[in-house]
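The values are calculated or read from the model by the stated rules, or taken from the named source; none is laboratory data. For clarity, every value in this text was computed on a predicted model and none was experimentally measured. Because the Cβ atoms are built from the backbone with ideal geometry, glycine has one as well, and the counts that use them run over all protein chains shown.
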Amino acid sequence: MMMSLKKILLYITVAILPFLLAAGILINNKQKEEIGLHDKNAFRIASTHQRQWDTYINKTINALDTVSILLESSSGINEKDKTELFLKKLLLQEQMYGGIYILDSAGNRIAGTDRKIEEMAITQEEYVKTSIYTKDTTVSNKTEYLVNGQKVIGIAKPVLDDDKHIENMIIAFLRVDYLTNIMEMLTPKDNISIINEDAELILNINEPIKQNSTTIELPMDSLPWKIVVEQKDINIQKILYKNALLLFIFLVCFHLLYFVIILYMHKKQAEQENKENELQKLELVGNMAASSAHEIRHPLTGIKGLVQLLGEKHTEKEDQFYFSIIQKEIARINEIVSQFLILGKPTEQKKQPIDIKTIVTELKPLIVSEANLFNVECHFEIAKKKLLVYCNADQMKQVILNITKNALEAMENGGTLTIKLKELNNRVSITVYDTGIGIPEKELKKLFEPFYTSKNSGTGLGLVVCRRIIQSFDGEIYLSSVENKGTKVDIILPISANL
Ligand SMILES: Nc1ncnc2c1ncn2[C@@H]1O[C@H](COP(=O)(O)OP(=O)(O)O)[C@@H](O)[C@H]1O
Ligand SMILES: [Mg+2]
């Protein structure tokens, strides 16, 4: 129950939430990207038309300027026919004009491309009035209709005499249908409107999008008008659809991560259970052994004494040999029993800060004399500084003796034993090297299993006891070895705070 709840929580935090987060970030970024592109596109469309319109207006103003120069240079009305011919030519050349006319100062037509203007109260038009008033070229703020139904935009230019009085007025009409056609040709699909100063619609291409749309506005240079481009809003569904593969990959990746974590957790759990089982087993064996160890020791002492007595009685060589074997075996039983005792209750011993150096120094004569028996040379490299460790002196001695004993037993044909003691990263490091037979790689992981031994007379408890003791001092013990070269035992212990 707990496990499945844990799994659900893990699933949410490892697979679901990160996926949603990643998907959110991705979609958000893509949306921003699309909006950017969208705006850029709308801006490009608007500026295309802006340029186009500015060209038309400027062209018309230039044409009106030309006509005005023509008027000024000719003696006006006298050369009416010539002027009219010029205007008609202009109209033929530029289809965008609905008509061009010249009026006198009273507003009567004196020349023009046709007679359409005669029926219009042209001088009443706002832009003409403004032009008269400002004495400057003025573009109409509205569209108007010519008599033939053509929708046009008027442009008025006054022609002044030397006294700056209005002599003539030139009026040109720009055809809205023509301009609309050009716009439609340039950008047939887009929804574009031209809005005048009073926010009135001058013209539009395509029907406005009613919902979910955004607009971009660009003012015209030659007029106080705006070009408005309307575009559909970005569709999230479309973005999702476009990025479906990427989202799917995200989903798979986060699920893979989840499964890897679950696998790892299962492995860890199994390891933990194994470890606990091992510990329990060891503790059970230890407890049983410890409780019976004393019971074994007493009769053993009796046997030992009696065998000794018998040995004094039977002095024959053969009998002596048998007695020595019995004594050796009794010693072995004794050793096993002692180690059982430690395994049973390793933590019961009192701990205190002890200088490891003193322990090693005290053991030195014992180790050297043992080594001599094995024809082994001993080296001691001991740091000068005090190396205080919170431990129990007897147990610490037991560890060092167990390890040196193993090392000596591995060097039956002689060799070198090195014991190093130093401070390492604020911890005490005890290292024992030998140049013995070493340990095959596949045996290495069995070393700390109770009763694992490669020796005929071994107990297989020495290293187990060592680790038990070192762990009770919050330390660690490692073995590394190369077959036929030698073995290194590393013991790392925390330095006692009680310095
Ligand atoms: N220095 C060493 N060199 C070679 N083998 C070693 C060394 N130390 C330990 N071993 C191996 O580890 C085994 C277990 O050691 P230990 O627990 O002390 O039990 P025992 O010494 O009674 O066999 C030994 O039998 C031996 O195979
Ligand atoms: Mg041993």
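Quick one: is residue 323 outside the structural domain of residue 456 (by TED's automatic domain parsing), modelled with pLDDT of 90 or more and surrounded by 15 or more Cβ atoms within 10 Å (Cβ to Cβ)?
On the way: outside the structural domain of residue 456 (by TED's automatic domain parsing): yes; modelled with pLDDT of 90 or more: yes; surrounded by 15 or more Cβ atoms within 10 Å (Cβ to Cβ): yes.
Here the answer is yes, as residue 323 does meet what is asked.
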The stretch 422-452, subset buried (at least 20 other Cβ atoms within 10 Å of the Cβ) and more than 12 Å from ligand 1 (Cβ to nearest atom), residue nearest to the chain's Cα centre (by Cα): 428
Only residues in the stretch 273-293 that are within 15 Å of residue 471 (Cβ to Cβ) count as the first member; pair them with residues that are surrounded by 11 or more Cβ atoms within 10 Å (Cβ to Cβ) and of a type in the set (Gly, Ala, Ser), Cβ under 6 angstrom, at least 6 apart or cross-chain, and list the lot. 286/344
Among residues of the stretch 97-122 being under 21 Å from residue 223 (Cα atoms) and in contact with a Gly (Cβ under 7 Å, 6 or more places away or on another chain), the residue surrounded by the fewest Cβ atoms within 10 Å (Cβ to Cβ) is 122
When the stretch 383-401 is examined, which residues are found to be not aliphatic (A, V, I, L, M) and not in a loop (DSSP other than H, G, I, E, B)? 390, 391, 394, 395, 397, 398
Looking at 470, 477, can you tell me which residue is in contact with a Cys (Cβ under 7 Å, 6 or more places away or on another chain), of a type in the set (A, V, I, L, M) and not in a loop (DSSP other than H, G, I, E, B)? 477
Is it true that residue 9 is at pLDDT 90 or above, among the hydrophobic types (A, V, I, L, M, F, W, C), in a helix (DSSP H, G or I) and out of contact with any Lys or Arg (no Cβ under 7 Å at 6 or more places or on another chain)? yes
Whether any residue in the stretch 167-185 is surrounded by 14 or more Cβ atoms within 10 Å (Cβ to Cβ) and within 28 Å of residue 33 (Cα to Cα) is what I want to check. yes
